[in-house]
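Taking it in order: structure first as structure tokens, then the write-up.
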Amino acid sequence: MPEGHSVHRIARQFERNVVGREVHASSPQGRFAEGAAVLDGRTATDVRAVGKQMFLEFDDELWLRVHLGMYGAWDFAGEILVDPTIASANGRMGQTNQRGTLVDEPSIMDDAGENSLRSIGAPRRARVHVRMSEQTTGLGDESEQWPPPVVGQVRLRLLTDVTCADLRGPTACELQTPEEMLATVRKLGPDPLVDDPQEGEERFTAVVRRKPTAIGLLLMDQNVVSGIGNVYRAELLYRARLNPHTPGRDVPEELVREIWRDWSRLLRIGVETGQMMTMDGLSPDDYRKAMASRDDRHWVYHRAGLPCRLCGTSIVVEEAAGRKLYWCPQCQA
């Protein structure tokens with residue numbers, strides 16, 4: 001499942017490539033045909049990301065809400081302008097597959113075919129290997145069909161004069177009024193990139209400190225805090241040296257606040273780099289190695305049975321509300 005950094009990066013892609021343009025909308029799969037008909041011919045006017053959900057506004061105050069869920073993905077093709085605060089991408093990065101003008105640039109590829117230093121979203125093996133710069137011109141190979149042919153089950157296609165965005169397999173894809181959109185956002189926990197940082201910290205701390213629920217479950221509850229998924233959950237708890245089974249109300253207040261601040265830092269790193277980089281204090285060589293290989297990027301996530309990087313104790317994995325939870329029984333005792 002994409003975590004918060006990916007959705008914020010996708011929203012920035014829409015901001016530069018779709019917002020301000022008239023959009024032709026269709027539902028090749030047919031499951032969103034009525035909604036696509038309503039959107040067709042409208043101009044995209046704004047985009048917002050809150051946690052794991054994205055909201056794309058069209059004229060007449062109509063909002064498209066998309067929650068990618070476990071299997072959702074956005075594929076981009078055509079002329080793609082990349083936010084200068086975000087490095088460009090190679091191939092499909094979990095939520096985005098980009099096909100456009102080829103531009104030669106340095107890259108570091110990891111073992112999944114991902115350009116780790118220049119990516120957008122969480123990693124997934126690329127179908128099409130592409131390099132892009134901050135600004136592209138043209139549509140790549142003139143022999144390529146435009147618009148690109150529909151491949152697979154596309155729930156929604158948004159097509160401008162030069163850019164195509166295909167949505168596949170989302171958990172939610174629906175139209176909302178402004179009131180419905182705001183009601184959806186109000187139900188979500190604070191997002192460090194959306195809410196005032198201090199107000200977000202206070203909301204998060206107040207909720208966690210009154211809950212008997214294990215902190216390892218609270219961090220995955222999008223009504224408590226937005227954007228944290230399985231990777232960030234495991235890493236935040238390890239960085240806090242906190243047992244994931246500790247009831248929220250038993251976690252010291254200052255530690256709860258530090259988790260929020262740490263999440264704010266890690267989320268910004270994720271948006272800037274496209275990677276869930278959770279190890280710090282690395283040398284330049286070790287940092288480059290970590291960005292090139294997911295196995296060197298995390299303290300405990302996906303390291304079941306391997307020795308803890310600090311104490312040597314075997315990392316354990318267990319089921320927690322249907323998701324895998326990785327932690328060190330020594331460092332997080």
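For this structure, a couple of remarks:
- Looking only at residues of the stretch 270-293 that are out of contact with any Leu (no Cβ under 8 Å at 6 or more places or on another chain) and of a type in the set (S, T, N, Q), we find that the one that is farthest from Pro2 (Cα to Cα) is Ser283.
- All positions within the stretch 165-215 that are outside any loop (DSSP other than H, G, I, E, B) and of a type in the set (S, T, N, Q): Gln176, Thr184, Gln198, Thr205
- All positions within the stretch 56-89 that are modelled with pLDDT of 95 or more, crowded, with 21+ Cβ neighbours inside 10 Å and under 15 Å from the mean Cα position of the chain (by Cα): Val66
- All told, Val50 meets the bar of being modelled with pLDDT of 95 or more and in contact with an Asp or Glu (Cβ under 9 Å, 6 or more places away or on another chain).
- Scanning the stretch 218-241 for residues being outside any helix (DSSP H, G or I) and surrounded by fewer than 23 Cβ atoms within 10 Å (Cβ to Cβ) gives a total of 8.
- Top-ranked residue of the stretch 248-295 - restricted to ones that are polar (S, T, N, Q) and touching a residue at least 24 places away in the same chain (Cβ under 8 Å), ranked as nearest to Glu235 (Cα to Cα): Thr278
- Here Leu156 clears all of (1) outside the structural domain of Gly72 (by TED's automatic domain parsing); (2) at pLDDT 95 or above except the condition numbered (1).
- Selection count, the stretch 233-290, where residues are more than 18 Å from Cys311 (Cα to Cα) and of a type in the set (A, V, I, L, M): 11
- Of all the residues in the stretch 169-191, those that are out of contact with any strand residue (DSSP E or B) (no Cβ under 6 Å at 6 or more places or on another chain), among the acidic types (Asp, Glu) and either over 27 Å from Ser26 (Cβ atoms) or free of Cβ contacts under 8 Å to residues at least 12 places away in the same chain (or both) number 1.
The values are calculated or read from the model by the stated rules, or taken from the named source; none is laboratory data. Predicted model, so just to flag it, every value in this text is computed and none were measured. Cβ atoms come from the backbone with ideal geometry, glycine included; neighbour counts cover every protein chain shown.
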